[in-house]
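Data block below; observations after.
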Amino acid sequence: MANELLYYIPAGQYGKEGVLALLEQHPEIKFVSLVGVDLAGNDTDEKIPMAMFFDDYEAFFEGRAVQTDGSSVVLTGIATLNNARVDIWGDPSVNWFVDYNYENIDPATGLPTGTLRIPAFLKHCDRYVDSRSILKETLDFVKAELMTLLKSHTVKGMEHVNVDDIADLVFTTATELEFWVKTPSKVVSTKELSTSQKLQEQYWQRTHGAVRTAMEQAVEMLDAYGLNAEMGHKEVGGVKGKIDDEGHMDHVLEQLEIDWKYTSNPLQTADNELQARIIVREVFRENGLDVTFQAKPIIGVAGSGEHTHFGLMAKMKNGKMVNLFSPEDMKKAFLSPLGIGAIMGVLKNYEVINPFISSTTDSLNRLKPGFEAPICIVTSLGNQPDEPSRNRTILCGLIRDIENPMATRFELRSPNPYTNTYTALALIYSAVLDGLRYVITSGKTPDALLAELSKAPEDTADYLEQGRAYRSEKNVFDDYTEEERNSRYGIPPATVWENILGFKNNPAKVDALVNGGAFAKDLMESFIAGILNRWKLVLINRLIPANINTIRAMKPIHGDDGLDTSRWDAINAMRFYLAKDSGSETSLFTRIAHAVTAEDYDTASKLQMEMNEKMLELEAKYAEYMRNIL
């Protein structure tokens with residue numbers, strides 16, 4: 001069957017007549033869907049009969065085929081109910097994917113029913129307002145601005161690149177997808193998972209049974225869709241599966257990672273990631289396994305990241321590619337001046353970028369010490385140029401191969417599988433441009449730029465801020481106390497509201513990333529308003545009810561033992577403090593709800609942090625109590 005299916009239509013390979021002729025050969029593809037991506041990263045999906053695509057092909061690329069309204073997409077404050085219409089415009093510049101429903105077999109062909117998914121833009125009041133258009137327009141602006149800067153300035157340390165010979169600038173990007181899989185309705189204790197993680201029983205180990213089958217099928221399917229899968233492997237989290245009475249693997253709970261090749265078009269990178277999530281979820285579901293892309297599905301166990309790689313190349317007029325982040329001599333320098341400027345720009349502006357990367361409580365739960373997830377705004381280059389960095393405790397690290405200058409790039413370690421990759425990449429490259437603008441116009445030598453990147457907190461600098469350090473070759477978890485980390489690299493946000501304050505309290509950095517309106521400020525503010533609303537709803541309608549259920553499930557089961565009684569009394573007091581209102585006392589949960597209703601977000605944020613701490617303490621006390629019951 002697989003050889004008979006059409007999985008994707010490559011960008012630019014077919015014109016209108018070629019596309020329609022190809023689709024005529026695949027009558028099992030019965031629907032078309034224009035896939036716009038709103039500011040929350042949600043993708044639209046419609047089932048438009050293929051006959052309409054044949055009847056008026058141009059309408060799908062002129063905004064005439066499909067419209068939606070402000071209530072169906074997250075464009076907070078942009079597409080409102082009294083100004084709701086949003087037109088969807090197909091994008092012919094990227095690959096189109098075919099999504100097959102293997103549960104709906106076309107009786108005429110005996111093949112699964114397919115939907116041609118065409119990535120699209122969302123247009124409101126004659127302007128594009130979606131995540132895909134933000135990325136496209138940002139890249140267009142960055143490319144034009146950077147070419148102008150390079151042609152009007154001489155950059156010390158970049159003499160090996162003849163600017164007049166540059167034909168084009170190429171943005172290289174890639175993401176890595178981590179996720180958890182489990183057998184439906186089966187439960188594994190957090191203690192088992194934590195112990196297995198500490199014993200390193202899962203990382204890169206052999207997969208078995210349905211997990212192995214699904215992994216292999218997913219890798220093969222990624223290839224079929226043109227994503228060029230590189231590998232799939234076990235990640236650090238999980239436990240060994242068990243065999244049921246019929247000889248099948250049961251009680252599966254494992255963390256996995258799948259990687260695919262980078263692209264030279266960030267828009268395609270983000271589209272590929274969206275398709276990869278669909279492929280992974282469907283393939284594992286067909287093998288009887290649930291998939292979650294949550295950043296921190298289980299508190300106390302490793303979360304799932306989506307490390308995002310970004311680089312910058314120059315395509316020369318003779319067709320040769322030059323990595324603009326690589327120095328002329330890989331053994332004598334870590335980076336070119338442009339590479340130093342790129343990482344400086346990301347680090348300096350990260351407080352504004354962070355809300356777009358880690359926009360939910362779930363994502364911030366992942367960014368804790370001890371789980372190989374970043375907590376500080378800091379980079380690592382390596383101790384010596386001939387000794388590449390292997391520091392996994394930093395936010396954004398240098399990836400390089402001394403023998404292969406084309407491999408030089410940066411890896412941002414904070415994104416998670418639900419990060420909106422479109423807006424994240426737009427802001428990353430906007431920040432890169434801000435740093436490059438400083439480097440190109442400063443006239444500084446590579447050594448002076450490296451010294452600024454490596455500055456101590458007390459040092460003054462022309463671009464980076466006093467009171468902060470930005471580079472560490474140490475383990476930032478173990479080699480600094482929490483107080484030292486906060487002093488050197490800034491205090492990381494603990495809640496969505498604290499993350500939002502990083503945006504609100506740094507207007508100059510926001511302005512630096514607007515870049516001529518490519519990512520317009522009102523669209524940034526719409527994104528922020530959207531995540532604020534989601535934070536409030538999740539806090540009140542999901543987190544607190546889940547905690548209430550946990551508290552209600554705690555029951556006294558001891559006899560007359562004094563120690564057990566004492567421990568239960570302490571537990572019960574905490575239960576009442578958290579969840580039970582009385583005539584004279586208001587519970588913590590109620591106070592959070594009141595603060596949210598009053599829009600007192602500072603108080604709500606502080607109380608949420610207290611709630612998190614109290615719940616961890618309560619669950620630890622209850623576990624201790626239960627261990628003593630015979």
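Since every read-out is calculated from the coordinates, none of them should be taken as a lab result. Since we're looking at a predicted model, the values are computed, not measured. Every residue, glycine as well, gets a Cβ built from its backbone with ideal geometry; the counts of neighbours run over all protein chains shown.
Considered as an equivalent ellipsoid built on the Cα gyration tensor, the stretch 489-569 has semi-axes of 46, 16, 6 Å, the largest given first. Averaging the inverse of every distinct alpha carbon separation and then flipping it gives the Kirkwood radius. What is it for the chain, in angstrom units? When all Cα pairs of the chain are included, the Kirkwood radius is 26.6 Å. Once divided by 2.2 N^0.38 Å, the Cα radius of gyration of the stretch 12-55 becomes 1.37.
Other residues within the sphere of radius under 13 Å centred on the Cβ of Ser389, judged by their own Cβ, net out at +2 (K and R +1, D and E -1). Within the chain, the selection of entire DSSP H helices by a Cα span of 18 Å or greater along the long axis and an average Kyte-Doolittle value of at least -0.5 returns 131-152, 209-224, 266-286, 421-442, 521-538, 562-579. Since only Pro49, Gly90, Ala11 are under comparison, the one whose Cα sits farthest along the positive direction of the charge dipole of the stretch 2-127, derived from C-beta charges on Lys, Arg, Asp and Glu, is Gly90.
In this Cβ point-charge picture (+1 for Lys and Arg, -1 for Asp and Glu), the stretch 134-519 has a dipole of about 380 debye about its Cα centre. Helical runs (DSSP H, four residues minimum) scored at -39500 (n - 2.57) apiece and divided by the length of the chain put the mean residue ellipticity at 222 nm at -12500 deg cm²/dmol.
Among the GluC sites (Glu not before Pro) within the stretch 56-107, those in coil by DSSP and having at most 16 neighbouring Cβ atoms inside 10 Å are Glu62. Taking the three principal axes of the alpha carbon atoms in the stretch 290-361, the coordinate ranges are 50, 30, 25 Å, sorted in descending order.
Packing order of peptides 549-555, 595-601, 253-259, highest average first: 253-259, 595-601, 549-555 (average count of other Cβ atoms within 10 Å over each peptide's residues).
Here the stretch 534-627 is treated with +1 on each Lys and Arg Cβ and -1 on each Asp and Glu Cβ, and its dipole about the Cα centre works out to around 400 debye. Tell me which GluC sites (Glu not before Pro) from the stretch 144-177 have a DSSP coil assignment and no more than 14 other beta carbons within 10 Å of their own. Answer by residue number: Glu159.
Against the compact-protein benchmark of 2.2 N^0.38 Å, the Cα-based radius of gyration of the stretch 406-522 scales to 1.18. Once a ≥ b ≥ c are taken as the square roots of the eigenvalues of the Cα gyration tensor of the stretch 2-127, is the result rounded (a/c under 1.5), prolate (a/b larger than b/c) or oblate (a/b not larger than b/c)? Taking the square roots of the gyration eigenvalues as a ≥ b ≥ c, the stretch 2-127 is prolate. When the P(r) of the stretch 529-626 is calculated, the portion above 23 Å amounts to 31% of the C-alpha pairs.
Over the stretch 573-630, the Kirkwood radius and the radius of gyration, each from Cα atoms, give a ratio Rg/Rh of 1.10.
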